[in-house]
Amino acid sequence: MELINNLVKNFKKEFNKDIDAKTEVYFAPGRVNLIGEHIDYNGGKVFPTALDFGTYAVLKKRDDKVFRMYSENFKDLGIIEFNLDLLKNTEKDDWANYPKGIIKTFLDAGYRIDSGFDVLFFGNIPNGAGLSSSASIEVLTTVILKNLFNLNISMIDMVKLSQKTENEFIGVNCGIMDQFAIGMGKKDHAILLDCETLEYAYAPFVLKDASIVIANTNKRRGLGESKYNERRASCEAALEDLKAAGLKINSLCDMDSETFESMKHSIKSEEAIPRVRHAVSENLRVLEAMKSLKSGDIEAFGKLMNASHLSLKNDYEVTGFELDSLVEAAWTEPGTIGSRMTGAGFGGCTVSLVQNDKLDSFITNVGKKYFDTTGLKATFYIGNPGDGAKKLGDY
Ligand code: GLA
């Protein structure tokens, strides 16, 4: 509550709003993916959870067509201003391109938005760390638009328009997982999502004796976005090769391991073969992980997380020195049930399941080992599964 009161106060100060002007407050979480990495765009199954930290927005509707946006995370950029009639991705508008893109995508989809608003954002998810700060502000903006302009739109459609914005306005060819987890998250649950059909099921994910620990390598992703698009493109090309060879599949994850082994020779690019092997094996690991959860075998779930990391390292090649060092440090630590990179990779965060009675020593020792290997300080967070994006209230 104190956080929100402070944000409301700062909003009124930044925008010179009189002190009793009524403002609206919204929240969208970040997400962490437990298993099922780099397969959302390959028609696979993924198992993310929304977090109980994310992005907040305090705002007030305007009577004209002007949007004024301020982020507490990028104070030096000041207030970024743009007009409803000119919604273009421009470098100088930096982070504000995310909410701007959402507004544009909504207008293009025929939703009526006829005025601007003043908004202050604040995120307590680290930016660019693989916990989906960008999807968080995207989905947050969709919830704002729905409420402010009384739009008749479902959360699933808001999720889809957020992904469309990221693909077309921002230029990152992401799958649907992040926006889905952020829009549809449910406290104390993870979501098993079939990315081919968008069928989903909530699975309780509060472990009796263990916690989700997120560790940030504090290595920025750098060229991650272009490499991400490359991985996706090579999977798509491989799918076309397999179809041309007569395989009746809609996506790479429709294959089982035997089919992959017998058909891999028809994939034209040598480099794409291990990529496809990852997609196929990761999807099978998600299915195995669901079985382990159902039978209460959290140790088996942890082993599948470890195997997922190795596949992302060796076959998909999206880990790198920092992520590998942090995960390997976790693997040697007593109390670690499983540990892997999470999100797009190329830097960013790891996710581990750790026994509660070993949490403190885990953080101290893994932090130290990681520092000794890389010279970087990791930051640790406990990841509690939280609710999806929503309006918090009027203040
Ligand atoms: C990023 C993308 C997601 C997904 C993950 C990897 O977070 O936004 O769509 O592809 O990488 O699993």
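Residues in the stretch 328-347 that are in a loop (DSSP other than H, G, I, E, B) and either closer than 16 Å to residue 282 by Cα or at pLDDT below 95 (or both): 343, 344, 345, 346, 347. Somewhere in the stretch 118-139, is a residue modelled with pLDDT under 95, surrounded by 17 or more Cβ atoms within 10 Å (Cβ to Cβ), within 16 Å of the ligand (Cβ to nearest atom) and more than 30 Å from residue 196 (Cβ to Cβ)? Yes: the stretch 118-139 contains one or more residues that are modelled with pLDDT under 95, surrounded by 17 or more Cβ atoms within 10 Å (Cβ to Cβ), within 16 Å of the ligand (Cβ to nearest atom) and more than 30 Å from residue 196 (Cβ to Cβ). For residue 74, indicate whether it is under 24 Å from the mean Cα position of the chain (by Cα), over 22 Å from residue 11 (Cα atoms) and not hydroxyl-bearing (Ser, Thr, Tyr). In short, no.
Here is a yes/no grid of residues against (1) assigned to a helix (DSSP H, G or I); (2) small (Gly, Ala, Ser); (3) within 13 Å of the ligand (Cβ to nearest atom):
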site	(1), (2), (3)
147	yes, no, no
150	no, no, no
156	yes, no, no
166	yes, no, yes
169	yes, no, no
175	no, yes, yes
178	yes, no, yes
182	yes, no, yes
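Would you confirm, using the coordinates I've provided, whether residue 47 is buried (at least 18 other Cβ atoms within 10 Å of the Cβ) and away from the ligand (no atom under 16 Å from the Cβ)? So residue 47 fails the test. The set of residues in the stretch 233-269 being within 16 Å of the ligand (Cβ to nearest atom) and either part of a strand (DSSP E or B) or surrounded by fewer than 19 Cβ atoms within 10 Å (Cβ to Cβ) (or both) consists of 233, 234, 236, 251. Here the stretch 184-230 is the region considered, the condition is being closer than 16 Å to residue 352 by Cβ and within 16 Å of the ligand (Cβ to nearest atom), and the residue that is surrounded by the fewest Cβ atoms within 10 Å (Cβ to Cβ) is 216. Of all residue pairs spaced 6 or more apart or on separate chains, those with beta-carbon atoms under 7 Å, a first member in the stretch 174-196 that is under 11 Å from residue 49 (Cβ atoms) and acidic (Asp, Glu) and a second member that is assigned to a loop (DSSP other than H, G, I, E, B) and more than 13 Å from the ligand (Cβ to nearest atom) are 188/205; 188/206.
When residues in the stretch 69-87 are screened for being under 21 Å from residue 127 (Cβ atoms) and of a type in the set (D, E, K, R), 3 of them pass. Within the span defined as the stretch 23-32, one or more residues are surrounded by fewer than 24 Cβ atoms within 10 Å (Cβ to Cβ), on the phi < 0 side of the Ramachandran plot and at pLDDT below 95. The set of residues in the stretch 77-132 that are under 30 Å from residue 212 (Cα atoms) and either in contact with a Gly (Cβ under 9 Å, 6 or more places away or on another chain) or among the hydroxyl-bearing types (Ser, Thr, Tyr) (or both) comprises 98, 123, 124, 125, 126, 128, 129, 130, 131, 132.
Among residues of the stretch 29-44 being of a type outside the set (A, V, I, L, M, F, W, C) and not in a strand (DSSP E or B), the one that is farthest from the ligand (Cβ to nearest atom) is 43. When residues in the stretch 321-341 are screened for being touching a residue at least 40 places away in the same chain (Cβ under 8 Å) and surrounded by 20 or more Cβ atoms within 10 Å (Cβ to Cβ), 9 of them pass.
Of everything in the stretch 54-71 that is part of a strand (DSSP E or B) and in contact with a Gly (Cβ under 6 Å, 6 or more places away or on another chain), the residue that is surrounded by the fewest Cβ atoms within 10 Å (Cβ to Cβ) is 66.
The values are calculated or read from the model by the stated rules, or taken from the named source; none is laboratory data. What you see is a predicted model; the values in this text were computed from it and never measured. Note that we place each Cβ from the backbone using ideal geometry, even for glycine, and neighbour counts take in every protein chain shown.
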